[in-house]
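Colleague: Following this message is one structure expressed as structure tokens.
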């Protein structure tokens, strides 16, 4: 039986000019993950990431921690199948009409606009984001030239099949990705609905890892959302 460690990228630059960039805290989270794994001599046979900067840089910082301890870490393979869904585009193209037609969305948007303290802005934005994306997943709003959820789910599933089937038996592999693909991997293991897979994706902490056992005919969840390297609550983030 082989093992997959599926990692959510470390904290990105939320509400910054460029979201797809690790924050200073995200760089620390990545380093701590690499140091934790290296101290425990966790050997990887293969690793890959999605194409996002935040995904690739999380992997690069983990690899650097291994090298500082004179341990080998595989060369990173970048696979587009593990890109996140286009949540920012869904928000940008759907929100104006939803504010006019959906009272709940309008109220959530007003709460976000009224918030000024960083923690409050994160909390109110997350509620707004979850509501909009939930409607998108249920196909209650048009995709507006954005990859639909069902196509995103098929893409991630194909990526898992391709990457996991490309190695030997009894190996340990890693994938650095985002919350959406992690939710879909749990869906694949537990046969969840689309909405429950989406709920799982909200739960994944930055730089946490989930372990799956797999073989040719088996894909099961062993542990979810582990973050033993983040022992200080100040280091624990979801956005």
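Colleague: Can you sort 162, 123 so the residue with the fewest Cβ neighbours within 10 Å comes first?
Modeller: Numbers: 162 12, 123 15.
Result, fewest neighbours first: 162, 123.
Colleague: So how tilted is helix 149-164 from the main axis of the chain? Cα-based, degrees 0 to 90, rounded to 10.
Modeller: Roughly 0 degrees, rounded to the nearest 10.
Colleague: Related question: Once the Cβ-Cβ distance between residue 24 and residue 172 is put in as r, and R0 is 30 Å, what FRET efficiency do you end up with, to the nearest 0.05?
Modeller: On the way: r = 30 Å, r/R0 = 0.99.
Step by step, r from the Cβ atoms, then E = 0.50.
Colleague: Gaussian network model of the chain, Cα springs within a sub-10 Å range: biggest mean-square fluctuation belongs to which of 119, 46, 150?
Modeller: 119
Colleague: Rounded, prolate or oblate: pick one for the stretch 87-137, where a ≥ b ≥ c are the square roots of the eigenvalues of its C-alpha gyration tensor, a/c under 1.5 means rounded, and failing that, prolate if a/b is larger than b/c, else oblate.
Modeller: prolate
Colleague: In terms of the Cα gyration tensor, with a ≥ b ≥ c the square roots of its eigenvalues, is the stretch 1-132 rounded because a/c is under 1.5, prolate because a/b exceeds b/c, or oblate? Let's see the in-between values first.
Modeller: Values: a/c = 3.14, a/b = 2.21, b/c = 1.42.
Here the stretch 1-132 falls in the prolate category.
Colleague: Let me ask something else about it. Springs between alpha-carbon pairs under 10 angstrom, Gaussian network model over the chain: which of 218, 31, 172 fluctuates most?
Modeller: Of 218, 31, 172, the Gaussian network model singles out 218 as fluctuating most.
Colleague: May I ask for the angle, rounded to the nearest 10°, between helix 194-203 and the longest principal axis of the chain, with both axes built from Cα atoms and the value confined to 0 to 90°?
Modeller: Tilt relative to the chain: about 70 degrees.
Colleague: Taking the Cα atoms only, what angle lies between the long axis of helix 179-190 and the longest principal axis of the chain, rounded to 10 degrees?
Modeller: On a 0 to 90 degree scale, this one is about 70.
Colleague: While we're looking at this one, here's another question. Considering only 70, 170, 225, give the residue with the highest GNM mean-square fluctuation for the chain, with springs between Cα atoms whenever their separation is below 10 Å.
Modeller: Greatest mean-square fluctuation among the candidates belongs to 70.
Colleague: Does the stretch 2-56 come out rounded, prolate or oblate, given a ≥ b ≥ c as the square roots of the eigenvalues of its C-alpha gyration tensor, rounded meaning a/c under 1.5 and, failing that, prolate meaning a/b above b/c?
Modeller: Details: a/c = 3.45, a/b = 1.70, b/c = 2.03.
It is oblate, given that a/c is not under 1.5 and a/b is not larger than b/c.
Colleague: Calculate the FRET efficiency for residue 43 and residue 195 from the Cβ-Cβ distance with a Förster distance of 25 Å, rounded to the nearest 0.05. Don't skip to the answer; put the middle values down first.
Modeller: Working: r = 37 Å, r/R0 = 1.48.
After rounding, the FRET efficiency stands at 0.10.
Colleague: Also: Per DSSP H run of at least 4 residues, take -39500 (n - 2.57); add these up for the chain, divide by its residues and hand me the 222 nm value, nearest 500 deg cm²/dmol.
Modeller: Numbers: 8 runs with 117 residues, N = 239.
So the helix-based figure for the chain works out to -16000 deg cm²/dmol.
Colleague: Take every Cα pair under 8 Å in the stretch 87-137 that's 6+ residues apart, average their separations, divide by the length, and report that relative contact order as a whole percent. Kindly include the intermediate steps, with their values, before the conclusion.
Modeller: Values: 30 pairs, mean separation 21.2, N = 51.
Worked out over the stretch 87-137, it gives 42 percent.
Read the figures in this text as sums done on the coordinates, not as results from a lab. The model shown is predicted, which means the values in this text are computed figures rather than measured ones. Cβ atoms come from the backbone with ideal geometry, glycine included; neighbour counts cover every protein chain shown.
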